[in-house]
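Since the structure comes first, as structure tokens, the remarks are kept for the end.
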Amino acid sequence: MLVSSRDLESFCVQALLKAGLVESDARLTADVLVTTDAWGVFTHGTKNLCGYIRRLRGGGIRATAKPRIEREGPAWTIIDGEGALGTVASTFAMRAAVTKAKAAGIGYVGVHNSCHFGAAGYYAALAAHENLIGVAMSNDTPTMTAPGGSKPVLGSNPFAFAAPTGEKHPILLDMATSAVAGGKVFAAAALGKPIPENWIVDADGRPATDPKLFPDSAALLPMAGHKGYGLALLIEILSAVLTGAAVTRQVLSWSFADPSLATNHGAAFIAVDIISIMPPNVFKQRVTEMIQEIRQSPKAIGCDRIFVPGEMEWERRERALAQGIELPPDVVTSLRTLAGEMDLRPDWLRD
């Protein structure tokens, strides 16, 4: 289904307002979700709206909550999300990290009492758009096994960074530390498609290709074996252990747990102020020269272009803003279900 970003964002805002959010939080959350869809990352965009609203209605996410600074030092802050939407708490936190970085050169902000925050790259990009280097990460309920294990021990703990360039858009990397995000396994199950055998293992630790086994009888594999596992552990420490958030199995599933309960996800955000270290124009020129060198390196047979992280996503977004976002069937189904539940009937979503 092809839909304009404006129509999709309007639908999200209407649904979130009906769920009790104030308009500023509704518009912010809609922007996070629609931007993610425009990037082509449909597992973390408007497909999640239904789950967020279910938890808002149940009380596990507090619609009127306002994140607050709990403790802080010259270059760090700990924020209590107060049970607000992850999008709201995380945007507040990254803006706080930018403020700290502009004062001290670098800023670390940790968040507890939050929830699923969607695409980590959205928050990293907030810093890059202000000429800072941004890093965003979060923990999650365990769905990923350790090398040699058969049961989940960590979440697929996402990591993102963004850096400004001399070009139109920043470099942007957003990735799960598992072989794939769990949402991709759910999407395959919804579409009735098998998955590669290096995505999950079954209850005995053997590779499996049936996505319906996940998450009850299967676990995600870590990205790049011990490397992804180690990186996920670092994210758990920075976003949960250090912040006072729930750790590993203490984190409740935002999509499956009782919607009246807070999940207490943790998150961490880091901003580096370039101007404190070197003139921004010098930094951007150096980054641009690096990008050009990468692009001009020899190509593999059959390949005519080398991309830097985020390049594909920014190009997709520009096309989506001009031509509309082509939503996959599982996202359309989720939005139609939500529209029926909330008595919203936009013309573009009708059968």
Could you list Y229, Y122 in order of exposure, starting from the residue whose Cβ has the fewest other Cβ atoms within 10 Å?
-> Y229, Y122
Pop the C-beta distance of I69 and M1 into the FRET formula with R0 = 45 Å and round what comes out to the nearest 0.05.
-> 0.60
Let me know the Rg and Dmax you get for region 180-221 when you use only its Cα atoms, in Å.
-> 8.7, 25
Which of V185, V13, V282 moves the most in a Gaussian network model of the chain with Cα springs under 10 Å?
-> V282
If amide H atoms are built 1.01 Å from N in the plane of the peptide, which residues on other chains or at least 5 residues away come under 5 Å of the amide H of E167?
-> none
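Find how much the distance from A103 to R249 grows on full extension, using 0.36 nm per residue of separation minus their present alpha carbon separation; answer in nm with one decimal.
Between A103 and R249, full extension yields 48.9 nm more.
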Which of the residue pairs K18/K184; K227/K284; K184/K212; K193/K299; K66/K100 have a Cα-Cα distance greater than 23 Å in the structure shown?
-> K18/K184; K227/K284; K193/K299
For S178, residues with placed amide H under 5 Å, excluding near neighbours | M223
Spatially proximal aspartates and glutamates relative to K151 (Cα-Cα < 17 Å; intrachain offsets below 8 disregarded) = D140, E197, D202, D204, D210, D216
Taking the chain as a Gaussian network, where each spring joins two C-alpha atoms under 10 Å apart, which residue of N198, N113, N157 fluctuates the most?
-> N198
Labelled set (1) 47; (2) 27; (3) 50; percent of Cα pairs over 33 Å apart computed from this model equals the value at (2)
Once phi for every residue in region 280-288 is put through the Karplus expression 6.51 cos²θ - 1.76 cosθ + 1.60 (θ = phi - 60°), the whole-Hz ³J(HN,Hα) values, with Gly and Pro written as x, are x, 5, 5, 4, 4, 5, 5, 5, 4
GNM of the chain, Cα pairs under 10 angstrom: of A127, A268, A322, the biggest fluctuation goes to A322
Computed over the Cα atoms of region 49-118, what is the convex hull's projected area averaged over all directions, in nm²?
-> 4.3
So what is log10(I(q)/I(0)) for region 295-347 at q = 0.15, 0.22, 0.31 1/Å, when the Debye sum runs over its Cα atoms only?
-> -0.67, -0.92, -1.09
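Read-outs: derived from the displayed coordinates by stated rules, not from any lab. Only a predicted model underlies this, so the values are computations on that prediction, with no experimental measurement involved. Every residue, glycine as well, gets a Cβ built from its backbone with ideal geometry; the counts of neighbours run over all protein chains shown.
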